[in-house]
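Beneath this line is the structure, given in structure tokens, with notes to follow.
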Amino acid sequence: MPIENKKLAQLVAKLVQQTVGDKVRWEKTASPGVFLVAFPDYGIRLSRQEMPPDTISRKKFGGTATEQQAVRPRKRIVLEIVNTDGDVVEDVGDEDIEKLGDLYDLARGQALEAGKAVDELLAALDGGNT
């Protein structure tokens with residue numbers, strides 16, 4: 001039986017809160033753009049996946065023929081709960097959980113040490129080292 005989105009939203013809210021408070025530590029994985037936090041029996045994996053572009057049809061001006069036009073692809077944030085065997089126990093996308101994009105940004109920033117990078121760049125610019 002699938003888990004209610006309400007429970008998953010609570011999980012995401014707690015992860016956001018504890019990531020901000022440095023109580024949860026995200027790590028980068030071997031796959032670019034995929035981040036993981038491990039717990040004793042489960043892990044949570046966050047990724048950004050590019051969705052294939054949709055197409056729309058529109059009539060050509062003054063005629064009856066239609067032409068297909070690709071719409072810009074959308075990036076989807078996905079949270080997966082995995083067990084110790086690596087099986088995906090549950091997954092949810094940002095179309096169902098509003099704060100998932102915020103969590104992804106926080107996890108990415110933490111795992112890749114974005115704050116440190118900005119600090120070092122500011123120090124280099126302040127010191128005239130470019």
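The values are calculated or read from the model by the stated rules, or taken from the named source; none is laboratory data. Values in this document were obtained by computation on a predicted structure and should not be read as measured data. As a convention, Cβ positions derive from the backbone with ideal geometry for all residues, glycine included, and neighbour counts pool all protein chains shown.
Looking at Pro32, Pro40, which is the one that is over 17 Å from the mean Cα position of the chain (by Cα) and part of a loop (DSSP other than H, G, I, E, B)?
On the way: Pro32 fails: over 17 Å from the mean Cα position of the chain (by Cα).
Step by step, each of Pro32, Pro40 is checked, and only Pro40 is over 17 Å from the mean Cα position of the chain (by Cα) and part of a loop (DSSP other than H, G, I, E, B).
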Review point. Taking the stated definitions as given, is Ser57 under 19 Å from Gly93 (Cβ atoms) and either part of a strand (DSSP E or B) or modelled with pLDDT of 90 or more (or both)?
Key: no
Review point. So, of the residues in segment 1-29 that are in a loop (DSSP other than H, G, I, E, B) and in contact with a helix residue (DSSP H, G or I) (Cβ under 6 Å, 6 or more places away or on another chain), which turns out to be surrounded by the fewest Cβ atoms within 10 Å (Cβ to Cβ)?
Key: Val24
Exercise for review: Output the residues belonging to segment 1-16 that are touching a Leu at 6+ places or on another chain (Cβ under 7 Å) and either farther than 18 Å from Asp102 by Cβ or free of Cβ contacts under 8 Å to residues at least 60 places away in the same chain (or both).
Suggested key: none
Check your understanding: What are the pairs, 6+ residues apart or on separate chains, where a residue within segment 83-109 that is closer than 13 Å to Ala9 by Cα has its Cβ under 7 Å from a residue that is acidic (Asp, Glu) and surrounded by 13 or more Cβ atoms within 10 Å (Cβ to Cβ)?
Key -> Asp91/Glu80; Leu100/Asp94; Gly101/Asp94
Revision key, fill the gap. Note on segment 17-47: residues touching a Leu at 6+ places or on another chain (Cβ under 6 Å) and under 16 Å from Asp96 (Cα atoms) are Leu46
Exercise for review: Restrict the check to segment 69-81 and report whether at least one residue is in contact with a Lys or Arg (Cβ under 9 Å, 6 or more places away or on another chain), at pLDDT below 90 and in a loop (DSSP other than H, G, I, E, B).
Suggested key: no
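Just a yes or no: is a residue in segment 91-99 touching a strand residue (DSSP E or B) at 6+ places or on another chain (Cβ under 6 Å), under 18 Å from Arg25 (Cα atoms) and modelled with pLDDT of 90 or more?
For segment 91-99, residues touching a strand residue (DSSP E or B) at 6+ places or on another chain (Cβ under 6 Å), under 18 Å from Arg25 (Cα atoms) and modelled with pLDDT of 90 or more: absent.
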Check your understanding: In this structure, does Thr29 turn out to be at pLDDT 95 or above, closer than 30 Å to Gly115 by Cβ, in contact with a Lys or Arg (Cβ under 8 Å, 6 or more places away or on another chain) and not hydrophobic (A, V, I, L, M, F, W, C)?
Key -> yes
Revision key, fill the gap. The one condition Val92 fails out of (1) under 18 Å from Glu50 (Cα atoms); (2) surrounded by fewer than 17 Cβ atoms within 10 Å (Cβ to Cβ) is (2)
